[in-house]
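Here's the structure, in structure tokens; my notes come after.
The values are calculated or read from the model by the stated rules, or taken from the named source; none is laboratory data. These figures come from a predicted structure and were not determined experimentally. Just so you know, the surface numbers come from the protein's heavy atoms only, side chains and all, with ligands and any DNA or RNA stripped out. Shrake-Rupley method; radii C 1.70, N 1.55, O 1.52, S 1.80 Å.
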Amino acid sequence: PPPPAAAVAAPAPRTVFKRMKTSLPTFPRVLRKILETPSLEAIIRWSEDGTYVKITGVSEFELHVASVFFSHSSFKSFLRQLHSYGFRKRPGCPPKRHDYEHPYFLRDVPEAIEYVCASRPMSRRPSREGQQR
């Protein structure tokens, strides 16, 4: 017979933490890798203080970044992913500029990336068909 539940030791917190780090979502890791690629700095780079991401050319981004690092080459798809992970356009940023920030996506605090998670999709509202008024 298996040992009683009380006799089975729970995994150490360190083991659980290691498991969490290995299941880190792909998108934030790939974005960080892109930002660490010197040859792409003319297209996408960290801000001077490392608190936000600057994308300088949409067509260059689609051609040299999105098509290489993602399964698509669409800038709009990339923006949807950014937004789904909680990135927001910087306040006061002109419409033609693409500067995006996330409170836990910081150049000088790489370990904070574990807090960058995709938001859950909103559940669909039930249809109004068949409901009494």
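Brief remarks on what is shown
- Under-5 Å amide H pairs with H98, H placed in peptide plane, nonlocal only: I55
- Karplus-derived 3J(HN,Hα), 6.51/-1.76/1.60, for each residue of segment 84-90, Hz, glycine and proline x: 5, 9, x, 6, 10, 5, 5
- Taking all protein chains together, K33, K96, K89, K54 sort by accessible area into K96, K33, K89, K54, largest first [probe 1.4 Å].
- Rounded to the nearest 10 Å², the accessible area of R80 at probe 1.4 Å: 150 Å²
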